[in-house]
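Q: Sharing a structure, written as structure tokens. Questions coming.
The values are calculated or read from the model by the stated rules, or taken from the named source; none is laboratory data. Treat the numbers as computed from the prediction; the structure is a model and nothing was measured. Methodologically, a virtual Cβ is constructed for each residue, glycine included, from the backbone with ideal geometry; neighbour enumeration extends over all protein chains shown.
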Amino acid sequence: MTPFCAVVDWGTTSFRLWVLCADGTVLAERTSHEGMLQAGSNGFQATLEAHLVALEVDAGVPVVICGMAGSRQGWREARYVETPVDVRAIVDCAVPVPAAGREIRILPGIAQRDPAEPEVLRGEETQLLGIIDALPADALVCLPGTHSKWIELVDGKVARFSTYLSGELYALLLNHSILRLAIDESARVSPQVPEFLDAVTTAIANPAQIANQLFSIRSSQLLGYSDRNGAAAALSGSVIGLELAGVMSRHGPLADVHLVAKGELAEPYKCALKAAGASVHLHDADTAVRKGLLFAASTFWPVEEGRQRRHAHPG
């Protein structure tokens with residue numbers, strides 16, 4: 001099968017590359033920890049080409065990139081488009097990377113320029129692009145992660161969105177607070193244990209008491225009411241519950257939520273959302289970002305007459 005394009009989701013600390021056919025079939029993939037922070041030192045072009053060479057991707061195959069490679073500190077800045085906006089507009093605002101030895105486009109993020117609620121997206125908008133045709137015109141979309149994003153669509157456009165530091169907060173509390181003595185760092189969080197949903201519902205009901213709720217994870221274990229696995233579940237549930245309380249305060253009651261997640265994040269968020277009274281529609285995050293990047297590539301380099309376009313080497 002002939003490669004149509006390579007697509008890259010380039011985060012702050014992660015790098016994910018897929019080689020795709022025109023129909024979206026994945027021919028090859030690479031992942032590494034060479035995110036923006038490391039690639040900034042080693043060189044973005046050198047990092048990308050090393051992965052492409054390892055996969056034997058010809059220089060005529062173009063590349064579409066989303067994420068932090070387009071930030072001010074990245075490879076080439078792709079300036080934010082502003083809300084309200086149809087997410088498809090990010091494709092029109094992509095920036096080329098000159099003198100890269102192949103055709104490369106970097107997609108921009110989205111900014112919410114409101115002094116009361118300043119917000120930015122960079123990377124998550126491409127996941128949204130990948131599922132936009134499956135969403136109703138008015139929808140609430142949750143993209144959990146280190147910095148969880150909640151996007152509100154009105155009449156098919158990104159009207160507003162909000163960010164919650166949930167993943168980072170969990171890691172900080174797990175590794176750098178008194179709770180590190182209560183929790184096994186390698187413990188897997190199971191949303192099925194009672195401590196998880198108890199913590200979710202308690203945090204939603206009384207977010208003002210979250211500092212006390214968090215400390216009770218330690219005291220509960222000291223007094224023999226919970227074990228280390230229960231403590232990990234309680235911490236996760238507390239942080240996610242606090243996030244959901246914030247979302248409901250800003251976006252209103254949770255009814256239908258489109259959850260874009262993968263791996264270990266999908267099930268805890270799904271269970272927490274259901275506990276909050278939401279109907280959950282799950283979308284795979286990796287599939288979503290690939291579809292968004294492929295949509296962009298197909299716009300930049302259309303497939304001609306049902307056949308894959310022959311990519312000419314630039315210059």
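Q: Report yes if Cys21 is under 20 Å from Gly130 (Cβ atoms) and out of contact with any helix residue (DSSP H, G or I) (no Cβ under 7 Å at 6 or more places or on another chain), otherwise no.
A: Answer is yes for this residue.
Q: For the stretch 13-53, how many residues meet the condition of being outside any strand (DSSP E or B) and without any contact (Cβ under 8 Å) to a residue 60 or more places away in the chain?
A: Going through the stretch 13-53 one residue at a time, the tally reaches 25.
Q: Does the stretch 177-200 contain at least one residue that is under 13 Å from the mean Cα position of the chain (by Cα) and polar (S, T, N, Q)?
A: no
Q: Consider the stretch 261-315. How many of its residues are at pLDDT 90 or above, part of a helix (DSSP H, G or I), farther than 28 Å from Thr2 by Cβ and not charged (D, E, K, R)?
A: 8
Here is a yes/no grid of residues against (1) at pLDDT 95 or above; (2) of a type in the set (Gly, Ala, Ser); (3) surrounded by 19 or more Cβ atoms within 10 Å (Cβ to Cβ):
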position	(1), (2), (3)
Tyr164	yes, no, yes
Arg180	no, no, no
Asp184	no, no, no
Thr201	yes, no, no
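Q: Also, quick follow-up: Given the conditions (1) part of a loop (DSSP other than H, G, I, E, B); (2) under 24 Å from Gly145 (Cβ atoms), report the number of the one that Val7 does not fulfil.
A: (1)
Q: Considering only the stretch 115-133, how many residues are over 18 Å from the mean Cα position of the chain (by Cα) and in contact (Cβ under 8 Å) with a residue 24 or more places away in the chain?
A: 1
Q: Assess whether Ile106 counts as being touching a Leu at 6+ places or on another chain (Cβ under 7 Å), under 28 Å from Gly156 (Cα atoms) and of a type outside the set (S, T, N, Q).
A: Spelling it out, it is not the case that Ile106 is touching a Leu at 6+ places or on another chain (Cβ under 7 Å), under 28 Å from Gly156 (Cα atoms) and of a type outside the set (S, T, N, Q).
Listed here are the residues, each with its yes/no results for (1) modelled with pLDDT of 95 or more; (2) crowded, with 20+ Cβ neighbours inside 10 Å.
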position	(1), (2)
Thr2	no, no
Ala22	yes, yes
Val26	yes, no
Ala50	yes, no
Ala54	yes, no
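Q: Would you mind finding the one in Ala137, Ala99, Ala59, Ala111 that is surrounded by fewer than 19 Cβ atoms within 10 Å (Cβ to Cβ) and either part of a helix (DSSP H, G or I) or in contact with a Lys or Arg (Cβ under 8 Å, 6 or more places away or on another chain) (or both)?
A: Matching residue, one of Ala137, Ala99, Ala59, Ala111: Ala59.
Q: Let me spell it out: the conditions are (1) in contact with a Leu (Cβ under 6 Å, 6 or more places away or on another chain); (2) in a helix (DSSP H, G or I); (3) buried (at least 19 other Cβ atoms within 10 Å of the Cβ), and Gly241 meets all of them except one. Which number is the exception?
A: Among (1) in contact with a Leu (Cβ under 6 Å, 6 or more places away or on another chain); (2) in a helix (DSSP H, G or I); (3) buried (at least 19 other Cβ atoms within 10 Å of the Cβ), the lone unmet condition for Gly241 is (1).
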